[in-house]
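Input: a single structure, listed below in structure tokens.
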Amino acid sequence: MVTGGFAYAGSSEDHHGKGGGQVDTPEEVKDYIDHHLQDAHDFIFFTDGETGKHYGFPLPVILWDDGLHVFMSSKFHHGEEIVESKGNYYTLYHGKIYKTDELGTVDYDDEGHVTNAKPLDFSVTKNVVGIIFAFVLMLLLFGSLAKSYKKGPIPTGVGRFLEPLVLYVRDEIARPNIGEKKYKRFMGFLLTVFFYIFILNLVGLTPLGFNVTGNIAVTMVLALFTFFIVQFSGNGDYWKHIFWMPGVPVPMKIILAPIEVLGMFTKPFSLMIRLFANITAGHTVMMSLIALMVLMKASFGPVGSTGMSLVLSLFIFLIELLVAFLQAFIFTMLSALFIGVAVADHDHH
């Protein structure tokens, strides 16, 4: 039923011409990949290449623009229709909502950027659904684990899978980096951030089109949680080593203090960029390999190009499973390391 191109999950618009169609050229493939990595206001599981009909479901659009505007994203008809709400007109253009007139006019500057005003957008998008899904799933999983401990020391059901991961975070991440005396205070945060990133990374590998940890706003918030926990948990030794390092000549203290202050902000920045860049790169590589079945069709034929694409995609998918765990581990490990530095007691002689 789907002809040419990909089985598409999650774009809020048809990026290959009004009414759907095939993804055949390198430019269309690049546009397809770019929009797969972006957020969207609805889910599209696939598109009929002959009729251009999209199969999926819309999500709520919530705007604040001289009042509250609430409607379903289906009113945009995948970017083809103008929506009127309380006398205001809105259009969906490249996944973003802009104010317009009843004709749907979109203005551009000299560099080709849209200059139309944008309302405050509080819509429930794909990424928001992914965030809520991971939150609910964690509540169910760890609620089940907690209940299983009431029946005995050995967990049952899904707890048998979760307990080794919980012990791994405790024994291999929290204890070595924070210390035996203080690690319990931060276990809640470390377990939450580990499983949250891990689940979101796994969900991002499904055909649903989620790319939550590939959104820099999400990774920034996660990094900010680590930043504030580190700063508010830091003891006197931590701040002394930043602003007035013991045992260092005064001229060097004056030089090093600004560098140490800068380091306070580069640590969460590195957390943010590392997670965002690795997940985005992985999704881009996977989508590019799938695109080989389109780009190499002329050279190897439909069967050869499809087979080669599927083999390479499967290989990268297995690597992405490892990356999903590694990125959760690295983010949690570095967070524990930064916390451990902040709460460590130093014995100065």
- Message: If I filter region 225-237 for residues that are more than 29 Å from the chain's Cα centre (by Cα), buried (at least 16 other Cβ atoms within 10 Å of the Cβ), assigned to a helix (DSSP H, G or I) and in the same structural domain as Leu141 (by TED's automatic domain parsing), do I get at least one hit?
- Response: yes
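For Val61, indicate whether it is β-branched (Val, Ile, Thr), at pLDDT 85 or above and either surrounded by 19 or more Cβ atoms within 10 Å (Cβ to Cβ) or in the same structural domain as Asn215 (by TED's automatic domain parsing) (or both). Steps first, answer last, please.
On the way: β-branched (Val, Ile, Thr): yes; at pLDDT 85 or above: yes; either surrounded by 19 or more Cβ atoms within 10 Å (Cβ to Cβ) or in the same structural domain as Asn215 (by TED's automatic domain parsing) (or both): yes.
Yes: the conditions hold for Val61.
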- Task: Looking only at region 147-167, decide whether some residue is in contact (Cβ under 8 Å) with a residue 60 or more places away in the chain and assigned by TED's automatic domain parsing to the domain that holds Phe325.
- Result: no
- Query: Taking the condition at pLDDT 95 or above and surrounded by 16 or more Cβ atoms within 10 Å (Cβ to Cβ), does Phe194 pass?
  - Reply: yes
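Taking the condition in contact with a helix residue (DSSP H, G or I) (Cβ under 9 Å, 6 or more places away or on another chain) and modelled with pLDDT under 90, does Gly95 pass?
On the way: in contact with a helix residue (DSSP H, G or I) (Cβ under 9 Å, 6 or more places away or on another chain): yes; modelled with pLDDT under 90: yes.
Judged against the criteria, Gly95 is a match.
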- Report whether or not Ala40 is touching a Lys or Arg at 6+ places or on another chain (Cβ under 8 Å), modelled with pLDDT under 90 and closer than 30 Å to Ala277 by Cα. yes
- Note on the structure: Over region 245-259, the set of residues exposed (fewer than 14 other Cβ atoms within 10 Å of the Cβ) and not aliphatic (A, V, I, L, M) is Pro246, Gly247, Pro249, Pro251, Pro258
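So, in region 172-218, how many residues would count as being among the β-branched types (Val, Ile, Thr) and either in contact with a His (Cβ under 9 Å, 6 or more places away or on another chain) or over 17 Å from Ile273 (Cα atoms) (or both)? Break it down stepwise before answering.
Restricting attention to region 172-218, the residues satisfying the condition of being among the β-branched types (Val, Ile, Thr) are 173, 178, 192-193, 197, 199, 203, 206, 212-213, 216, 218.
Filter again for either in contact with a His (Cβ under 9 Å, 6 or more places away or on another chain) or over 17 Å from Ile273 (Cα atoms) (or both), leaving 173, 178, 192, 199, 203, 206.
Of the residues in region 172-218, 6 are among the β-branched types (Val, Ile, Thr) and either in contact with a His (Cβ under 9 Å, 6 or more places away or on another chain) or over 17 Å from Ile273 (Cα atoms) (or both).
Every residue, every condition in (1) under 26 Å from the mean Cα position of the chain (by Cα); (2) acidic (Asp, Glu); (3) in a helix (DSSP H, G or I), yes or no:
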residue	(1), (2), (3)
Ser123	yes, no, no
Val128	yes, no, yes
Ile132	yes, no, yes
Val136	yes, no, yes
Gly143	yes, no, yes
Ser148	no, no, yes
Glu163	yes, yes, yes
Ile173	yes, no, yes
- Take the residues in region 64-109 that are β-branched (Val, Ile, Thr) and not in a strand (DSSP E or B), then tell me which one is surrounded by the most Cβ atoms within 10 Å (Cβ to Cβ). Ile82
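The values are calculated or read from the model by the stated rules, or taken from the named source; none is laboratory data. Everything numeric in this text was worked out from a predicted model, so none of it was measured. Every residue, glycine as well, gets a Cβ built from its backbone with ideal geometry; the counts of neighbours run over all protein chains shown.
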